Amino acid sequence: MDTLDAFARRKLASLEAAGLRRRLAPTGRLDATHVLRGGRRLLSFSCNDYLGLARDPRVLEAARAALDAHGAGACASRLITGDHPLLGELERRLAAFKGAEAACVFGSGYLANAGIIATLTGPNDLVLLDELVHSSLLSGAKLSGARTLSFRHNDAGHLEDLLRAHRGSAARCLVATDGVFSMDGDLAPVGDLLAASQAHDAWLMVDDAHGLGVVNGGRGAAHGHDVPLRMGTLSKALGSYGGYVCASAPVVDYLKTRARTFVYSTGLPPASVAAALAALDIVERDPARVAEPLRKARLFTGLMGLPEAQSCIAPVIVGDARRALAISQRLEAAGYLVGAIRPPTVPPGTSRLRVTFSAAHGDEEVAGLAAAMADALEAQSA
Ligand SMILES: *Cc1c(COP(=O)(O)O)cnc(C)c1O
């Protein structure tokens with residue numbers, strides 16, 4: 001048998017050989033769009049701070065005030081003594097913004113997804129997931145012990161087929177999708193998925209981590225549909241940290257009573273909650289800013305001759321993992337930070353450059369990236 005170290009070394013060597021080894025790159029943030037990496041200042045098209053709020057003076061001021069008033073941490077799980085008053089205020093504001101009865105704030109989006117699915121379904125139940133959903137939804141399905149099947153990406157007809165074939169043998173059924181797909185930037189057909197779910201007595205959950213603050217006036221991809229579970233994160237367009245779900249009052253109360261990732265994890269730090277509240281204010285009051293990331297993404301897809309962006313995420317799919325890495329390195333040499341996304345984050349053979357746009361990018365910066373991307377693609381053509 002391998003020693004632990006030998007096991008880890010052998011695994012790393014085979015990942016390295018496949019171009020799949022991952023390495024951290026310490027990265028400082030200089031302003032809303034520039035980062036410092038390896039001593040170089042780079043223009044980033046890799047951050048999820050879509051509205052440039054992570055360093056907005058109003059957001060920072062709110063975080064500082066909360067730090068002074070409430071301290072650095074929540075000091076306990078929310079059900080013990082960690083439920084500082086900012087958390088309830090944020091839940092009321094999120095529910096109102098989403099037009100929901102109630103909301104529950106979790107420690108992160110990952111914890112929300114893991115907790116929600118595992119609390120609402122169990123071994124006698126069925127979970128149906130779009131094949132490209134975020135990994136945290138898969139973790140929730142695994143934790144639940146429910147039978148889990150995938151439907152073809154954005155294919156409500158295939159979901160309907162699976163419901164017809166398998167719904168009858170399960171006690172409860174939950175269907176989950178990303179609202180905006182994190183690696184593809186396309187939108188889920190929420191209305192069709194909801195109709196199929198309702199026709200078969202299944203509960204629809206939409207993960208709008210990349211929809212909040214960006215699509216449908218910032219209200220997300222599920223806006224305008226009566227989706228019973230609307231989950232999202234405070235860590236992308238809101239520039240802070242934490243996760244949430246908007247749902248009916250009984251569902252929220254049940255999650256707060258039983259979701260293990262809520263009950264057994266410390267409440268969010270007050271400064272993070274205050275930052276999210278200040279950012280939500282800006283999203284509600286500044287629709288012109290909210291419209292900018294999508295406009296920038298469309299400027300890029302237009303210049304590149306790609307299908308028109310539906311969100312602020314625009315993938316440039318190149319296939320091979322090593323080619324994606326080489327293009328990313330070439331862009332970095334030209335002063336641009338664009339992440340190469342490889343399996344298992346995306347299916348094998350679909351490695352890509354994932355380009356994300358922020359309200360803080362200038363149009364001329366977007367044009368500069370498009371030119372550099374075209375050069376890098378040509379230099380690395382097979
Ligand atoms: C980032 C992300 C999450 C996880 O949210 P965190 O708050 O970062 O843990 C969940 N779902 C999707 C689709 C995401 O992109």
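The values are calculated or read from the model by the stated rules, or taken from the named source; none is laboratory data. Computed from a predicted model, the values in this text were never measured in an experiment. Don't worry about glycine lacking a Cβ; one is built from the backbone with ideal geometry, like all the others, and counts go over all protein chains shown. Side chains included, ligands, DNA and RNA excluded: accessible areas come from the protein's heavy atoms. Shrake-Rupley method; radii C 1.70, N 1.55, O 1.52, S 1.80 Å.
One table, with the values for the structure above:
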| item | result |
| --- | --- |
| Complete set of residues in the stretch 323-357 that are surrounded by fewer than 18 Cβ atoms within 10 Å (Cβ to Cβ) and either assigned by TED's automatic domain parsing to the domain that holds residue 183 or farther than 21 Å from residue 44 by Cα (or both) | 343, 344, 347, 348, 349 |
| Test: residue 360 is assigned by TED's automatic domain parsing to the domain that holds residue 38 and under 30 Å from residue 86 (Cβ atoms) | yes |
| Among (1) of a type in the set (D, E, K, R); (2) open to solvent by 10 Å² or more (accessible area, probe 1.4 Å); (3) within 16 Å of the ligand (Cβ to nearest atom) - the single one residue 208 does not satisfy | (2) |
| Residues being in a loop (DSSP other than H, G, I, E, B), at pLDDT 95 or above and small (Gly, Ala, Ser) - total across the stretch 15-73 | 6 |
| Failed criterion for residue 220 (all others in (1) at negative phi; (2) within 13 Å of the ligand (Cβ to nearest atom); (3) not hydrophobic (A, V, I, L, M, F, W, C) hold) | (1) |
| Residue list for the stretch 77-107, filter: in contact with a helix residue (DSSP H, G or I) (Cβ under 9 Å, 6 or more places away or on another chain) and not hydrophobic (A, V, I, L, M, F, W, C) | 77, 78, 84, 85, 89, 91, 93, 101, 107 |
| Some residue of the stretch 114-125 being open to solvent by less than 10 Å² (accessible area, probe 1.4 Å), among the acidic types (Asp, Glu) and either more than 11 Å from the ligand (Cβ to nearest atom) or in the same structural domain as residue 277 (by TED's automatic domain parsing) (or both) | yes |
| Scan of the stretch 63-72 for residues that are open to solvent by less than 70 Å² (accessible area, probe 1.4 Å), on the phi < 0 side of the Ramachandran plot and more than 24 Å from the chain's Cα centre (by Cα), ordered by number | 65, 66 |
| Leading residue by the ranking (surrounded by the most Cβ atoms within 10 Å (Cβ to Cβ)) among those in the stretch 165-182 that are of a type in the set (Ser, Thr, Tyr) and within 14 Å of the ligand (Cβ to nearest atom) | 177 |
| Failed item in (1) modelled with pLDDT of 95 or more; (2) closer than 16 Å to residue 370 by Cα, with residue 339 passing the rest | (1) |
| The stretch 69-90: number of residues that are among the aliphatic types (A, V, I, L, M) and over 19 Å from residue 257 (Cβ atoms) | 4 |
| Scan of the stretch 191-222 for residues that are under 29 Å from residue 288 (Cα atoms), touching a residue at least 12 places away in the same chain (Cβ under 8 Å) and over 13 Å from the mean Cα position of the chain (by Cα), ordered by number | 191, 205, 215, 217, 218, 219, 222 |
| Tally, over the stretch 73-86, of residues that are surrounded by fewer than 20 Cβ atoms within 10 Å (Cβ to Cβ) and under 18 Å from residue 278 (Cβ atoms) | 1 |
| Test: residue 382 is modelled with pLDDT under 95, in contact with a Lys or Arg (Cβ under 9 Å, 6 or more places away or on another chain) and assigned to a loop (DSSP other than H, G, I, E, B) | yes |
| Hits in the stretch 239-253 - residues which are within 12 Å of the ligand (Cβ to nearest atom) and either open to solvent by less than 10 Å² (accessible area, probe 1.4 Å) or among the hydrophobic types (A, V, I, L, M, F, W, C) (or both) | 242, 243, 244, 245 |
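Condition check ((1) hydrophobic (A, V, I, L, M, F, W, C); (2) over 20 Å from residue 242 (Cα atoms); (3) away from the ligand (no atom under 12 Å from the Cβ)) across all residues:
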site: 111; (1), (2), (3): yes, no, no
site: 137; (1), (2), (3): yes, no, no
site: 184; (1), (2), (3): no, yes, no
site: 189; (1), (2), (3): no, yes, yes
site: 193; (1), (2), (3): yes, yes, yes
site: 200; (1), (2), (3): no, yes, yes
